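Below is one structure, written out as structure tokens; comments come after it.
The values are calculated or read from the model by the stated rules, or taken from the named source; none is laboratory data. The shown structure was predicted, so the numbers you read here are calculated from the model rather than taken from an experiment. A quick note on method: Cβ atoms are made from the backbone with ideal geometry, for glycine too, and the neighbour counts reach across all protein chains shown.
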Amino acid sequence: MLISNNRQLDVLSDAQAELCALAGRRPSPDFYAAKLARVWGRAANATAYTDLPPWSTAAFRALPPTTRTDLKADPWSYVAVGWQRTAKYYETTGTSGQVTPTPRTVEDIVYNAISVAQAWRGVLADDDRVAILLPSDVVPVADLVVSVSEYLGLPHARLYPFAVGIADYGRVIDLWRTLRPTAVFLAPGVAVQLTRFLKQRNQFDDLRASVRTMMLLGEVSTEALRARLGSWWTAKVYDASYGSTETGTLAATCHRARLHLLTGANYFELATPAGTIEPLRTGARGRLVVTPLNLHARPLLRLDTGDEVALEADCPCGNPAPVITVGGRSTDVLRVHEVPLTIRAVEDLVYGATRATGYLVETDPAGRYVRLLLERDVRAERGSEPGEIDALQETSARELGLRWDVVSFVNSLPSTTKAGGSQKSWKRSNIRVVEPT
């Protein structure tokens with residue numbers, strides 16, 4: 001988050017003043033009206049929105065949602081600035097299809113970092129040392145954590161274990177021994193793989209000793225997996241944030257380990273199964289629709305994220321912003337034996353009923369056969385596995401209405417099942433379609 005001139009310093013000061021003033025308060029209708037009008041004006045500079053009528057609340061409500069399909073089909077038509085205004089350039093990973101180019105201005109970067117930093121102040125301590133096991137190339141996730149660490153004044157190091165030629169797990173361990181991180185940012189799959197690696201080398205007890213906080217991001221994080229990681233590392237494990245390369249961060253954790261929508265940086269709505277778009281309300285479910293309030297390089301109006309979410313309120317932390325549970329993309333549902341499976345359902349089952357450190361679902365193209373492969377823990381006692389399998393089948397039958405055709409433990413699964421958000425999508429890495437024999 002390099003500030004090199006007075007204009008950029010003004011951006012930083014304005015973002016601080018605006019977002020700090022909103023801390024602990026619900027934004028007013030007047031705040032949203034003013035911010036949406038400015039987004040509307042910036043969007044009019046993009047080819048995709050050249051036919052926008054003059055701003056009004058009624059015009060906004062009448063605007064059809066922007067879909068991810070629209071955005072991916074012609075992403076440059078949504079860009080509203082030239083390269084001279086661009087501070088950083090990213091692309092999406094392409095795990096769910098074609099990559100989406102994503103330029104960002106100083107305003108994009110600064111407002112996003114400060115909104116997240118305000119949320120994480122209650123989680124990160126002033127004496128934390130931060131290890132960032134997240135990708136730095138192409139995607140913005142590591143840059144965000146670096147910007148937040150710089151803003152909060154926390155010493156930090158990037159050490160992504162898949163940076164070929166620079167870092168691997170051996171180099172990560174060497175640096176870890178020097179830094180002795182107290183807060184670790186990483187994807188859930190990387191956390192599991194790191195744990196296994198350290199256990200296999202009898203280094204786990206030593207290296208986990210300094211860690212107080214684990215911040216998971218880059219993939220959907222399930223409560224059962226967080227509990228498992230917390231018991232292994234004797235640390236507090238958070239679902240750190242939710243968002244995308246296209247939108248920036250949409251929600252961040254509080255100290256009570258619940259994701260709150262960043263309502264000061266985004267205007268949120270819900271797309272209902274009936275096809276309508278409605279304001280947020282407690283207890284509602286639907287697809288999240290967002291208009292980021294501080295995007296300049298690529299303003300987006302009423303973007304349908306495609307993510308199924310559920311909303312709650314009254315978090316004990318005192319933050320009035322809605323609590324969100326993200327179920328993942330609606331397109332990620334897998335149907336086997338006529339039962340819909342989601343990442344959250346499968347991972348709650350695997351990590352809640354067994355001591356497995358990973359899983360792989362195998363099914364045939366028609367979904368008439370399904371096998372669940374479970375990766376045994378490095379220190380597991382194999383004698384307990386039949387009982388764990390029975391418990392999993394009973395829980396699955398009761399909660400999901402599904403009995404798996406086969407459940408088996410294996411020593412190791414492919415690294416693609418746990419390589420991190422930069423290299424995976426759930427269906428591509430934890431689901432394998434096999435032809436029937």
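See the values below:
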{"item": "Matching option when the condition is touching an Asp or Glu at 6+ places or on another chain (Cβ under 7 Å), among the hydrophobic types (A, V, I, L, M, F, W, C) and either surrounded by 14 or more Cβ atoms within 10 Å (Cβ to Cβ) or more than 15 Å from TYR267 (Cα to Cα) (or both), among LEU36, LEU9, LEU71", "result": "LEU71"}
{"item": "For TYR89: the one exception among (1) in contact with a Pro (Cβ under 8 Å, 6 or more places away or on another chain); (2) touching a residue at least 40 places away in the same chain (Cβ under 8 Å)", "result": "(2)"}
{"item": "Where a residue in segment 67-82 is in the same structural domain as ASP304 (by TED's automatic domain parsing) and farther than 16 Å from VAL289 by Cβ and its partner, wherever it lies, is at pLDDT below 95 and outside any loop (DSSP other than H, G, I, E, B), with Cβ under 6 Å and at least six apart", "result": "PRO75/PRO101"}
{"item": "Among residues of segment 336-354, those that are of a type outside the set (Asp, Glu) and within 24 Å of the chain's Cα centre (by Cα), counted", "result": "11"}
{"item": "Residue match in segment 1-17 (condition: assigned by TED's automatic domain parsing to the domain that holds LEU270 and under 22 Å from ARG287 (Cα atoms))", "result": "no"}
{"item": "From ALA167, ALA187, ALA183, residue being without any contact (Cβ under 8 Å) to a residue 40 or more places away in the chain and of a type in the set (A, V, I, L, M, F, W, C)", "result": "ALA167"}
{"item": "Selection count, segment 39-68, where residues are under 19 Å from ILE277 (Cβ atoms) and loosely packed, with under 14 Cβ neighbours inside 10 Å", "result": "8"}
{"item": "Flag for ASP314 being assigned by TED's automatic domain parsing to the domain that holds THR222 and closer than 21 Å to ALA240 by Cβ", "result": "no"}
{"item": "Filter result for VAL211 (modelled with pLDDT of 95 or more and assigned to a loop (DSSP other than H, G, I, E, B))", "result": "yes"}
{"item": "Positions within segment 256-267 being aliphatic (A, V, I, L, M) and either not assigned by TED's automatic domain parsing to the domain that holds LEU300 or not in a loop (DSSP other than H, G, I, E, B) (or both), in sequence order", "result": "LEU259, LEU261"}
